[in-house]
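A.B. asks: Dumping the structure here so I can ask a few things about it.
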Amino acid sequence: MMPFLAAVDPWILTFSAITVVVTVAMGFWSAKKSKTASDFFVAGRSVSVGWNSSAISGEYLSAASFMGVAGMVMSSGYDALWYPVCYACGYLFLLLFIAGPLRRFGAYTIPDFAEGRFDSPIFRKIAVIFVLFIGFFYTMPQMKGAGVTLAYIFKDIEWFSGVKGLPYWVGVVLVGSVITLNVALGGMKGITLVQAVQYWIKMFAISLPIFVLMSVHSHYGNHLQANSVKPAVGMISEGDTSTSLEAAAAINRKALSEKAPKDETWINPFGPLTTKAAKAAGLSAAESRPYSLLYTYSLIIALVCGTAGLPHILVRFYTNPDGVAAKRTTMWVMILIGVFYVFPPVFGVMGRNLMPELYNGLAGVKGTDGVVLNLPLILTEKYGTLGAVLSGITCAGAFAAFMSTFSGLLVSMTGALAHDIYGRILRPKSTPEERMKMFKYCAVICGAGAILLGFFVETFEINKLVGWAFAIAATSYFPLLFLATWWRNITMKGAATGMLAGGTLSLTAIASTMLADQAKWAEGLKIWYTSHPLARTLAEQPAIWALPLALALMIVISRLTRSEVPADIRMKMLVLHAPEKLGLKQEYIQEHQQGH
Amino acid sequence: MQPPEKPDIHSESFLHMLMQRQLRLSIACAATFLVALFGLPLFNYFAPELMATRVFGFTLTWLIVGVLFFPLVWIISWIFIRRSIALEEAEVEEVTRGNAPTDRK
């Protein structure tokens, strides 16, 4: 037993174990307090602004934010900064156009909204499928984060002679089952508390190591300054270069490996991430810039609009007591996640200067995705255990990251299965007790599905996977929510056509680039994409054409089927937009009950 | 002077006014934000030297996107929330007290 444990860093193990144990314990504790079906699905709609905003932030800051952003800034430089910025800014869109009306309309889930707004049970089914679909897509990167982090913690264990380390799938299964158990026991109310605490764990885990690293190895700006040093020796002139050389000397920058992008392309916009397609086509740097600009815009649209369309984020708005609280919550969420997102890029920048060997790693934690976990270890040389302690803290943060996002996703997917499919479609007459029981079964089914999917994504970059989930949400849910809240003439057929077309087309486009890169039998497609950089850029980042397409389809089809606009549309719009104090919601419910 | 008139909350004109006022506020805030968000890549594209100016070691564009953009978003959302809560209170006031809907703000 001793040599077994000696191979694992005790600090890393302790901090990670504490995070897991606290999560499970809090899940059990609040499970006792979750009694009613409403507790399970929307946490009794009584979560205070402080708790709820911490919980939303905790849920939102996933493995992609905690590990992926830092890794991507390290590998791609400036262009990757759009990810954290747009992850945070997407919330503004949600606040400006969707949060208030949706909360006033009051429904448990997005499918509830879809059915209520269009009086159409069929549309509920379509919406449910999309909840599950986007949800599963978004669980894959979380599962990857889990597998990678556990493999990192146990990397030096020797099980029996010759076999070293922990296989990737063990982490996926372990973390997946723990969270599934938690969700099945506590439901939404259970995880609200857990996620709120996990936000603060993450904030602490990302900021503290940065401050310590900066105090030892110079600050953020100096590290960026070092990236302007010209490698040509003997050409040093007076003036500018001397200050940058000083900065470089102060931070003791290590030599970059062959695989790392050059300083020039790394620190400036339109670098390796956005010019990949054009470079593959053999275009010069100047010729590839327009493609790069297009890629940047499409990425921004996907990320900003995608936030507003993520099912596990939207369901949280229903946990606010009223619309004003929903708005206040969003404000706090933006502050909480905005502060957080300043830090991950710092890890990327410092990792480039201090730990360039990560560029040589192929995938997972040995590559740039592992920079957040690995970087604190550079302190070990000078300060001994401090490095291990800080690395333990970032590991705990990573655990909090994928556990909280995964539990949030699991709740919304389970809610879709138990509340919408079972409770509304299969057995509309089921009792609340039966539904709660079903919630538990569905949690297990969804959890198992997510674990299975997690096995397949070991070689994908975490942040890219998340970006794709955003692109699909941006082209399906966002146009639906936006038009359904602000345009009274939208019909069910229009909304469904636009949503399905936008979502499936962008998925097909993204999948085609994945196939071209990974599958051997898609060689032809790869060659075609190489010679058509414009098509490749548009396929890799489809939001710029798929979002307008979805909106246009919704408008055109709604116009063609204008006789199908719900008869009580004025009342519906009033419920969406009139202040809750006017009591229109109660009136609307009464009218509906009389009508049936 | 007309006597204060209670707006009919079920009327078309009330709904129209409600949505118009809310949408105007949302679009004004969104426009500010979008100009900044979509303007930045354009600056990067057409004025790369300017955006590569070093400020405290950061390039200008890195400083804006990596740090300064977040406070901008907070300011916009803070203004929006204050205005929209005030708007809702004014609407409730109009209906309950019976002041005719005015088109101020």
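A.B. asks: Cα gyration tensor of segment A:438-589, axes a ≥ b ≥ c as square roots of the eigenvalues: rounded (a/c below 1.5), prolate (a/b > b/c) or oblate?
C.D. replies: oblate
A.B. asks: Moving to a separate point now. In nm, what is the difference between 0.36 nm times the number of residues separating A:Q586 and A:L174 and their Cα-Cα distance?
C.D. replies: Extending this stretch completely gives an extra 143.7 nm.
A.B. asks: Using a simple spin-label model with points 7 Å from Cα along the Cα→Cβ vector, what separation in nm is obtained for B:F38 and A:E264?
C.D. replies: 3.2
A.B. asks: Which links in A:K327/A:K581; A:K254/A:K276; A:K429/A:K585; A:K125/A:K493 stretch past 20 Å when you go from one Cα to the other?
C.D. replies: Violating the 20 Å Cα-Cα cut-off are A:K254/A:K276; A:K429/A:K585.
A.B. asks: On to the next question. Using alpha carbon centroids, what distance separates segment A:48-62 and segment B:58-92, in Å?
C.D. replies: Their Cα centres are 19 Å away from one another.
A.B. asks: Would you order A:V575, A:V349, A:V565 from fewest to most other beta-carbon atoms within 10 Å of each residue's own beta-carbon?
C.D. replies: Ordered by Cβ neighbours within 10 Å, fewest first: A:V565, A:V575, A:V349.
A.B. asks: Quick one: which of A:K155/A:K526; A:K144/A:K440; A:K155/A:K279; A:K155/A:K440; A:K262/A:K526; A:K155/A:K437 span more than 28 angstrom between C-alpha atoms?
C.D. replies: A:K155/A:K526; A:K155/A:K279; A:K155/A:K440; A:K155/A:K437
A.B. asks: How do B:I85, A:I210 line up, fewest other C-beta atoms within 10 Å first?
C.D. replies: Sorted ascending by nearby Cβ count, the order is B:I85, A:I210.
A.B. asks: If you don't mind, another one. Under the rule a/c < 1.5 gives rounded, and otherwise a/b versus b/c splits prolate from oblate, where does segment A:47-179 land using the Cα gyration tensor?
C.D. replies: Prolate is the answer for segment A:47-179, as a/c is 1.5 or above and a/b outweighs b/c.
A.B. asks: Can you give me the Cα centroid spacing of segment A:417-473 and segment A:262-290 in angstrom?
C.D. replies: Segment A:417-473 and segment A:262-290 have Cα centres separated by 39 Å.
A.B. asks: Just counting partner chain Cβ atoms within 10 Å, what average do the residues of peptide A:295-306 show around their Cβ?
C.D. replies: 2
A.B. asks: Same structure, new question: Skipping prolines and chain starts, which residues have an amide H placed within reach, meaning under 5 Å, of the one on A:N268, given they are 5 or more residues away or on another chain?
C.D. replies: Placed amide hydrogens put A:Y78 under 5 Å from A:N268.
A.B. asks: Moving on to the next point. Among A:R103, A:R570, A:R289, which comes first, then next, by fewest other beta-carbon atoms within 10 Å?
C.D. replies: The fewest-first ordering by Cβ neighbours comes to A:R570, A:R289, A:R103.
A.B. asks: For the peptides A:148-154, B:56-62, A:417-423, what is the packing order when you average, over each peptide's residues, the other Cβ atoms within 10 Å and list the highest mean first?
C.D. replies: A:148-154, A:417-423, B:56-62
Quick note: the coordinates plus some simple rules give every number you see, no bench work behind them. The structure presented is a predicted model; accordingly, all values stated were derived computationally and were not measured. Please note: Cβ atoms are built from the backbone with ideal geometry, for glycine as well, and neighbour counts cover all protein chains shown.
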